[in-house]
Amino acid sequence: MMGFVGSIAAGRRGERVQVRTTTTCVVVGPQTRVRRPRVQTDRSKFVSDVAVKEEHKKDEVASDHPEVVGVSGREGVVFRGIVIFADYLSDLIVLDIFERVECSLDLFLVLLGSSAAFVFADLSSGLYYWFAHNYGSRATPFVGSEIQKARTLHSQYRKPQRKQAVEGSSNSRTSAEQTKDDFFINVGNHCLVSIPILTILAGWQPNNLALEAFCVMFVSLMAILPQLNRWATIDSPPFLIGLIRQFGLLGSLSRYDSRADVQTDNYCVGNFWNHVLDREQVFRRIERSLYIASDGWLIPRTWRSQTLSKTDAMIIRTVKRRGNRKSE
């Protein structure tokens, strides 16, 4: 404390004095005004608790106000056309598959391909939501809006008070109109990506029924992935979705409650891979590898808000030590 006061006293009136490269003071005479610490620019270091709280606050605001990541009425019409066209292409492929089924073996191949597509799509959904939850932001080019939707979807529909606030706003439309439009907006971008793949698949028509069934089922599931994720979080899902959730084929509302404590669990919408990925710590290992390969630049978002394990803390110290040696 005495050294701090002495360093200020040595300065002249109106002179900027930098203390420890993080705090800037201005000498104004008998009284000294201390400015708050500057924000660290080294990406290899964790952001401060204030920055983490600000980031969470932004997510809370986006959850309470869906229009932040929403679209205009004209874009909603465009999304509706995109979804309808993608559905038309997938229906053509499905009809082609059923027309080619001639025996029980063909039917078995179709069921086998569809089941494999569900398993692989569940794993892909886990990778997708793990990446959206840990990396990127709303400012990320091309995928920023989808990352923001993935982060705010759970909190918006998990907490009843927010859901009532959103649905009860004075400028909101009727519940039926909102639900109908939300479906097209949620899956619009995913369907846009799936259209070229479905077009190629419709023209290709592979001879193997299992392969064709796998492709169309996988692309279709990934196209409606945001809606599947919403159905997994709402309190009162449609009857068929509720039945599927009871059989464990779609994540229930309670699976998100532990997401803050179990990092490698509950990202997969279908609940098929969650236990395996959690047991093997797959996502945690990928995060460590990315952190080491990027020299501490790629920091998972969950590392900033959780108590790190001893292994992660040791990796962070090692990477920082290596970075200090390079700078020297």
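The stretch 120-139 and the stretch 270-306 have Cα centres separated by 11 Å.
The label point for Ala293 and the one for Thr140, both projected 7 Å from the Cα toward the Cβ, are 1.5 nm apart. Sorting His275, His133 from the fewest to the most surrounding beta carbons within 10 angstrom yields His275, His133. Maximal additional length on extending the Asp96-Ala116 stretch stands at 5.3 nm, based on 0.36 nm per residue less the C-alpha distance. Packing order of peptides 206-219, 137-150, 92-105, highest average first: 206-219, 137-150, 92-105 (average count of other Cβ atoms within 10 Å over each peptide's residues).
Per-residue Cβ neighbour counts within 10 Å put Arg279, Arg245 in the sequence Arg279, Arg245, beginning with the fewest.
Listed by Cβ neighbour count within 10 Å, with the fewest neighbours leading, Ile224, Ile286 appear as Ile286, Ile224.
A short reminder: the numbers here are calculations on the coordinates, not readings from a lab. As the structure is a computational prediction, the values presented were derived from the model and not from experiment. Note that we place each Cβ from the backbone using ideal geometry, even for glycine, and neighbour counts take in every protein chain shown.
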